[in-house]
Amino acid sequence: MRQLIWAGVILLLGILLYSSLTENSIKTNLFALLPDEQNKNIPQQAVDAYSEKLSRKVIYLFTANNDQSAIHLAELNIPKLEKSQLYSDIKAKVTDQELAAYNQSFESYQFSLLSAKDRAGLIKQPSSWLITKLTKLLISPVSGLDSNSLSNDPFLLYRDYLTELPRGNPKAQLVNGYTLFHENNQSHVLVLTELANGAFIQNIQDQFSQLQSELNTGGLEQQTIKVFGVIRYALQNRELAEKEMLAIGLGSLIGIMLIFYLVFRRLLFLPIILLPIAIGGLSAFSVSLFIFGELHLISLVFGVSLIGVSIDYALHYCCSHSNLSNSNDNIQALTEVRSALSLGLVTSSIGYLTLSIADFPALRQMAALAIAGLAGAYFTVLFWLPTLIKKPLKVQPVFISLVSVWINWLRDKKPVSIWFVVLLVVVLYGLNYFSKNNQDNVKILRANLVELEIIDKYVQKVIGEFPNSQFFVVSGKSKHETIKNERELVKQIRQIDSGAGRVYALSDWFPDYQQQEQNYNLLQQNISQNKTLGTDLAKAGLPEGLLDKYREKLSGSNFTPMNLDVFLNSPLGKIHKHLWLGEVEGQFYSIVSLYGYKDLQILNSIADELSVSLIDRSASISNLLAKYRVTIERMFPLVLLAIFIILSFRFGLHDSFRVVSAPLLAAMLSFLCLNIIVGSYNLFSIFGLIITIAISIDYAIFIRESKGYSKGTYLAISLASITTILALGLLSLSFTPALSAFGLSLLLGVLFSLVLTPIIVRPKTS
Amino acid sequence: MIKFILTSCLLFLIGISTVSADDNQIKLFLAEPFLKAEFTKIRKLKILSRPFTTSGKVLFLPEKGLVWETLKPIRDVLFIGYDGVGQLDKETSKLVKIDNPIVKSVSMVFVTIISLDLDKIKQVFDINMAESNHGKQKYILLPKDETIKKAIRQIEISGKKRVELINIIENGGDSTLVKFKNEKFRQDAFNRDELKLLEMM
């Protein structure tokens, strides 16, 4: 009956998995691994939207030996970018119409706009500034003054204002409408694109990968196409994780099957042994997907490593139902291990549950995966294995001999003194305290993709600057106040060092109201109302009537200042509209983005001084990693205490201490090795140690629960350790530092546990 | 935007039947760029009834660029380098950089022509030889770049043995004629004040 109920549950789990699984169930975005940042001073949704926009940017750099070839290469490939429909925006060539439209953005407001130099000149030398300027423009062979400008803007006041506006990248040149960079005697055409959808969406990544393979370098070695953007990292991380998942999954499965075959020599029996793993997996993914609606790829890789743990329950039953055990039949064999299995599941679950206390989505996913997976394996062993494996199994003599040697050695040794164990704990704690070196950098969440980093450095060298991932969010009670605050911020940032970087802000595009009013008045006084200007022109050898058209236009004008709304609705302003976040709950917000700034300390101090927010998601993630590492480190003794209390009801205080101390020593030794050999540890190493405790406490419980030195128990523990090492040892080879740290700390922990647990913990009826 | 402004602010014109110039011929013509010369610049603007004439001297250092010192009608010193333009501040006697992309773009074209460096010229212009007149050689430079093409129609360089005259003809109908005389080709041509100016570049 129970078998049937369990079959029904599995069927339900299958249906649940089928209905929950969608194309986007698997996430690769690193930020999805982290809890929501709680900052009530900024509109999180708007800031997230801006960050999302940044992550969708993809830069193409078409490189060739000269401008023409580089442009040709770009023109060869741009249709492919367009055809792919991957991008919602492709900025390749600026047309004359667009340029004219940008220019017209300011034309109606030209009498309110003056360059800093002209403004200062008109204030300081009102009588002579304009004539001197015009004469110098005529004298200069490179001023660019011509009949057209002399007629419309005789002192080039408007032109000089336009040329003072933010120019973008100083290394960029506009050639035939294309943005070109020159570096290493090569020409590079820059094409900016924006993905139509998020960089972490699987089908977008697949389309991107397909497009990459279709790009054509024209068959020439010196012509290259370099791509920069978050999507490359997302894609490669995903491909790597998929490969690792396959390798770890297959590797551990093959290893487990091989071990089972060598120990029991029953080929047909292998599918049955794999059943708890399969149902554990089904249970893990269906329950987790049902709870979270999605799973992160890193959680998934972690889930695959559970294979090595979920096989343990089957192993204990198999060894109990073998020629090594005294049990007469399958039911008795199960009875012998049931209490240990149940206790193991409870204590392991407590260990995994500690993960979910930290508010990390991925950790909660991992905890849910582990607990649901282990429960699935546990109930399969309990309900199905006795039915499926009725006949006792036969362990090969060579393994019996090996276990016998080990048990005899243990029997001959006196149990380690509890005081010695206490001393060891104290010594190891001291050593760990002085040798520990934490590494909480966000980079541990990302695989080391050297090839991509080289491309990034190359692109950075060509472009000469790189956008900062940090940006400021400025707020105010009105649009005017926000822009005013932004001006103050920009001023402070520029005071750092002119070569430190470049600021990109809306307020740079138009002066404040007062200044525009003063500009207008200056022009009226010095041109419209200046009666001697004509005479001065004549003295300089210029016709008096030169100014008539301009003067007439100026005199007939009204003061019309350029403001934020006007600018944002202009053709030029529309390009920069994303910097304005708008009104949220009575506050107005804008973004100031940065290029090339490295000294984050100064930026942070400016943010503090002016009460603006510096958004630094990388730093926030690193800080969060550190915060949760510290929290979990502090929780560690509490977890052990909880397990100790639960176990003391069954084993008593003395034996319960032994059972808990064995995994603790294993974890401490693993931690010491990590710090000495690897040189550092991180949050994920700590997770590995928690799982070490959860797994190896099972070993201690099984030994303590076994009757005498049961060969079956010791063989099961040995095999369980080997299978765990196989699964998690492979995880330590991961290219993602977080997974590697997790795998390595677990691998070392389980190894130490295999050695130490039988020495410290002895069977109850030894 | 810069392109538009450049297009509307740069200027120039002309059109003569020409044939592609032979490299060797023009190499001989450009073989000896002067280091110092006196110039007369005649700026003809459609809007002005008479041309605006200035004169002065030009100092040239192939590796840095040139010092364009106007003496009449007023003294004004411009430092036109390959990487930008500066102006001599009268009060402080120091070089003040002119951070203006249009000025920078125009100066790049100007210094390329004055340098008489064939390789550099050929990067920006197609060179055609015009019919010689009274023993004077004449070459027509036609811009390759679309942006420059919109402003400059063509540039004529002419002279008997070396470049004596440069005429920049703009599409808008304006032009700039620069005549050189008393060219000096040796380093010792510079006096102390001129060396000082060159050092400032």
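Go through region B:95-112 and count every residue that is in a helix (DSSP H, G or I) and at the interface with chain A (Cβ under 10 Å from one of its Cβ atoms). Break it down into steps so the answer makes sense when it comes.
The first filter runs over region B:95-112 and keeps only residues in a helix (DSSP H, G or I), leaving B:101-112.
Applying the additional criterion that residues be at the interface with chain A (Cβ under 10 Å from one of its Cβ atoms) yields B:101-111.
Counting residues in region B:95-112 that are in a helix (DSSP H, G or I) and at the interface with chain A (Cβ under 10 Å from one of its Cβ atoms) gives 11.
Is it true that some residue in region A:415-425 is under 38 Å from the mean Cα position of the chain (by Cα), under 30 Å from residue A:677 (Cβ atoms), assigned by TED's automatic domain parsing to the domain that holds residue A:275 and among the β-branched types (Val, Ile, Thr)?
First, the residues of region A:415-425 that are under 38 Å from the mean Cα position of the chain (by Cα): A:425.
Right, trim to under 30 Å from residue A:677 (Cβ atoms) and you get A:425.
If we keep only those that are assigned by TED's automatic domain parsing to the domain that holds residue A:275 as well, we get A:425.
From what's left, among the β-branched types (Val, Ile, Thr): A:425.
The answer is yes, given that some residue of region A:415-425 is under 38 Å from the mean Cα position of the chain (by Cα), under 30 Å from residue A:677 (Cβ atoms), assigned by TED's automatic domain parsing to the domain that holds residue A:275 and among the β-branched types (Val, Ile, Thr).
For region B:74-94: of the residues being in a strand (DSSP E or B) and not small (Gly, Ala, Ser), which is farthest from residue B:57 (Cα to Cα)? Spell out how you get there, then give the answer.
From region B:74-94, those in a strand (DSSP E or B) are B:76-81, B:84-88; that's our starting set.
Now restrict to residues that are not small (Gly, Ala, Ser): B:76-80, B:85, B:87-88.
On the way: B:76: 11, B:77: 10, B:78: 11, B:79: 12, B:80: 13, B:85: 17, B:87: 15, B:88: 15 Å.
Ranking the candidates gives B:85 first.
For the subset of region B:158-186 comprising residues that are without any contact (Cβ under 8 Å) to a residue 60 or more places away in the chain and assigned to a strand (DSSP E or B), which member is farthest from the other protein chains (Cβ to nearest Cβ)?
B:158
Of all residues in region A:693-720, which are touching a His at 6+ places or on another chain (Cβ under 8 Å) and either aliphatic (A, V, I, L, M) or not assigned by TED's automatic domain parsing to the domain that holds residue A:276 (or both)?
Across region A:693-720, the qualifying residues are A:716, A:720.
If only one of B:114, B:168 is farther than 19 Å from residue B:64 by Cα, crowded, with 21+ Cβ neighbours inside 10 Å and of a type in the set (A, V, I, L, M, F, W, C), which one is it? Talk me through it step by step, then tell me what you get.
Values: B:114 fails: farther than 19 Å from residue B:64 by Cα.
Result of the check over B:114, B:168: B:168.
What's the number of the only condition in (1) within 11 Å of chain A (Cβ to nearest Cβ); (2) assigned to a strand (DSSP E or B) that residue B:139 fails to meet?
Of (1) within 11 Å of chain A (Cβ to nearest Cβ); (2) assigned to a strand (DSSP E or B), only one is false for residue B:139: (1).
Would you mind telling me which numbered condition in (1) within 46 Å of the chain's Cα centre (by Cα); (2) farther than 30 Å from residue A:617 by Cα residue A:438 fails?
Residue A:438 satisfies every listed condition except (2).
Just checking, how many residues over region A:119-133 are crowded, with 22+ Cβ neighbours inside 10 Å and either closer than 15 Å to residue A:517 by Cα or within 12 Å of chain B (Cβ to nearest Cβ) (or both)?
Selection size over region A:119-133: 1.
Given the condition in contact with a Lys or Arg (Cβ under 8 Å, 6 or more places away or on another chain), under 30 Å from residue A:13 (Cβ atoms), in a strand (DSSP E or B) and among the hydrophobic types (A, V, I, L, M, F, W, C), answer yes or no: does some residue in region A:376-386 qualify? Break it down into steps so the answer makes sense when it comes.
Narrowing region A:376-386 to residues in contact with a Lys or Arg (Cβ under 8 Å, 6 or more places away or on another chain): A:382-383.
Adding the requirement that they be under 30 Å from residue A:13 (Cβ atoms) leaves A:382-383.
Now restrict to residues that are in a strand (DSSP E or B): none.
The answer is no; no qualifying residue exists.
Among (1) touching a residue at least 40 places away in the same chain (Cβ under 8 Å); (2) part of a helix (DSSP H, G or I); (3) not basic (Lys, Arg), there is one condition residue A:409 misses while meeting the rest; what is its number?
Going through (1) touching a residue at least 40 places away in the same chain (Cβ under 8 Å); (2) part of a helix (DSSP H, G or I); (3) not basic (Lys, Arg) one by one, residue A:409 breaks only (1).
Per-residue answers, yes or no, for (1) over 30 Å from residue A:457 (Cα atoms); (2) in the same structural domain as residue A:223 (by TED's automatic domain parsing); (3) at pLDDT below 80; (4) not acidic (Asp, Glu):
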position	(1), (2), (3), (4)
A:2	yes, no, no, yes
A:6	yes, no, no, yes
A:24	yes, no, yes, yes
A:29	no, no, yes, yes
A:52	no, no, no, no
A:75	no, yes, no, no
A:114	yes, no, no, yes
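Quick one: would you say residue A:244 is among the acidic types (Asp, Glu), buried (at least 20 other Cβ atoms within 10 Å of the Cβ), in contact with a Ser or Thr (Cβ under 9 Å, 6 or more places away or on another chain) and outside the structural domain of residue A:684 (by TED's automatic domain parsing)? Please lay out each step first, then the result.
On the way: among the acidic types (Asp, Glu): yes; buried (at least 20 other Cβ atoms within 10 Å of the Cβ): yes; in contact with a Ser or Thr (Cβ under 9 Å, 6 or more places away or on another chain): yes; outside the structural domain of residue A:684 (by TED's automatic domain parsing): yes.
Here the answer is yes, as residue A:244 does meet what is asked.
Determine which member of the set B:144, B:122 is within 14 Å of chain A (Cβ to nearest Cβ), among the charged types (D, E, K, R) and under 21 Å from residue A:174 (Cβ atoms).
On the way: B:122 fails: under 21 Å from residue A:174 (Cβ atoms).
Exactly one of B:144, B:122 is within 14 Å of chain A (Cβ to nearest Cβ), among the charged types (D, E, K, R) and under 21 Å from residue A:174 (Cβ atoms), namely B:144.
Considering only residues that are crowded, with 18+ Cβ neighbours inside 10 Å, in a helix (DSSP H, G or I) and within 9 Å of chain B (Cβ to nearest Cβ), which ones fall in region A:145-163? Spell out the reasoning first.
We begin by selecting, within region A:145-163, every residue crowded, with 18+ Cβ neighbours inside 10 Å; these are A:145-146, A:148-150, A:153-163.
After this cut, where a residue has to be in a helix (DSSP H, G or I) as well, the list is A:148-150, A:157-163.
Within region A:145-163, A:148, A:149, A:150, A:159, A:160, A:162, A:163 meet the criteria.
The values are calculated or read from the model by the stated rules, or taken from the named source; none is laboratory data. Computed from a predicted structure; not experimentally measured. Here the Cβ is made from the backbone with ideal geometry for all residues, glycine too, and neighbour counts use every protein chain on show.
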